[in-house]
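Here's the structure, in structure tokens; my notes come after.
The values are calculated or read from the model by the stated rules, or taken from the named source; none is laboratory data. Owing to the predicted nature of the structure, the values given are computational and were not obtained by experimental measurement. Because the Cβ atoms are built from the backbone with ideal geometry, glycine has one as well, and the counts that use them run over all protein chains shown.
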Amino acid sequence: MSNSSSERAQALRFGFSWPELNDGLFYSDVVRTSDSESTLIQFYSRKYKNSAPLQGWLQRIRNGQITVNGRVVRDPDTILSIGSELVYHRLPWKEPGAPYILEILYEDGDMIALDKPSELQVLPGGLFQQRTVLTQLQWRATKQSSSLVCCEPNPVPVHRLGRGTSGILLCAKTKFAKTQLAAYFADGTSYVGGNSKNNLELNARRKILKIYRALVTGIVCEDKVIVEQPIGTVQYPGVAKGLYVASPSGKPALSKVEVLERDVEKNCTLVKVEIQSGRPHQIRIHLSFIGHPLLGDPLYVVGGRPRCFDPEFVDGSFAQDGGFPRPAKPVPGDCGYTLHAHHVSLSHPTTNEVIEITAPLPPVLWTRQEAQETSVI
């Protein structure tokens, strides 16, 4: 089955404009034995120290943003007892600008493939809690259920693309499809590493193939490069769970890089990348590891490490809402690079039929020949 299938929703687009402010967030906790007899400020400043500094949590408590058993408590020295129900209300805020129009590349009763634009986050996180692909899918499902007799399932993404990455994003409409598609990604990643026998077995078993295009700095000399650098995490300001980097002690990862075109005058190379594992920021890390970071990448530099690396740096100030201010140093969600999930081949989660999906390339990722062919058309 290809993009020309009658089931394809060719050039079908949807999207709902973002409201000025999001709805804020509510975080719930129940006091356990280990936290009993703690004060309210001790509980939050210890358990959620990555969310806000001590003074920030004091501000939130005194501002009436925390309830204990349904009652607003403004005294930070309130003693907590076992079983107490705590709720912290993060006040609504204006999220950074983000596109909201999505194109449907493929859709049937089990799954939907979207062409995600750059600068749109897939799932909630950090400053982006509402301006995400997931929210647009939920709003679309709500509109469909109110206008149709039969309620459409609510699709959910089964993998992630970086906020600055564009292209194919697969979403499942049913629990079964979600389980199957998630297994495809997990299988590919789990078989990478070890020896060549493992990789041969991976090629035989793989039910999904992902191909990207990227523009990298410098001239890649070899026509084809296989990168097998493991990827791990390090502490990094503004990234609570750690920043993914090239690390000898990390998890196995494999990327196949193929040169499509070299531009000596602009000192950059257009490449095609097939990934056989799905580590976060894998392509950005692997290409920078071999000495060719993505053109415009604000974070990763040669060696697969961050541009500014000082794990001891901690900003003790806090923003207006009590939380830490946006890091001055680059973070993974920063955009500026050109990376596009161009083609996906997979076994349909219920029929096992092979599906080929292609997302149109942005002009900056065209080869000279593709540009000429497009101008002729």
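Within segment 64-79, the set of residues being part of a strand (DSSP E or B) and either polar (S, T, N, Q) or surrounded by 14 or more Cβ atoms within 10 Å (Cβ to Cβ) (or both) comprises Ile66, Thr67, Val68.
Within segment 354-377, if we keep just the residues that are surrounded by 11 or more Cβ atoms within 10 Å (Cβ to Cβ) and part of a loop (DSSP other than H, G, I, E, B), the residue that is farthest from the chain's Cα centre (by Cα) turns out to be Thr367.
For every residue, the table says whether it meets (1) small (Gly, Ala, Ser); (2) under 30 Å from Ala341 (Cβ atoms).
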residue	(1), (2)
Phe26	no, no
Gln42	no, no
Ser51	yes, no
Gln55	no, no
Arg71	no, no
Asp77	no, no
Pro99	no, yes
Gly109	yes, yes
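Being of a type in the set (Val, Ile, Thr), at pLDDT 95 or above and within 25 Å of Val364 (Cβ to Cβ): is that true of Val245 here? So Val245 does not fit the description; no. Restricting attention to segment 111-144, the residues being modelled with pLDDT under 95 and surrounded by 18 or more Cβ atoms within 10 Å (Cβ to Cβ) number 3. No other residue among Ile61, Ile104, Ile82 is assigned to a helix (DSSP H, G or I) and out of contact with any His (no Cβ under 6 Å at 6 or more places or on another chain) apart from Ile61.
Among the residues that make up segment 213-221, is at least one of them crowded, with 17+ Cβ neighbours inside 10 Å, assigned by TED's automatic domain parsing to the domain that holds Leu365, farther than 15 Å from Thr338 by Cα and of a type outside the set (Lys, Arg)? The answer is yes, given that some residue of segment 213-221 is crowded, with 17+ Cβ neighbours inside 10 Å, assigned by TED's automatic domain parsing to the domain that holds Leu365, farther than 15 Å from Thr338 by Cα and of a type outside the set (Lys, Arg).
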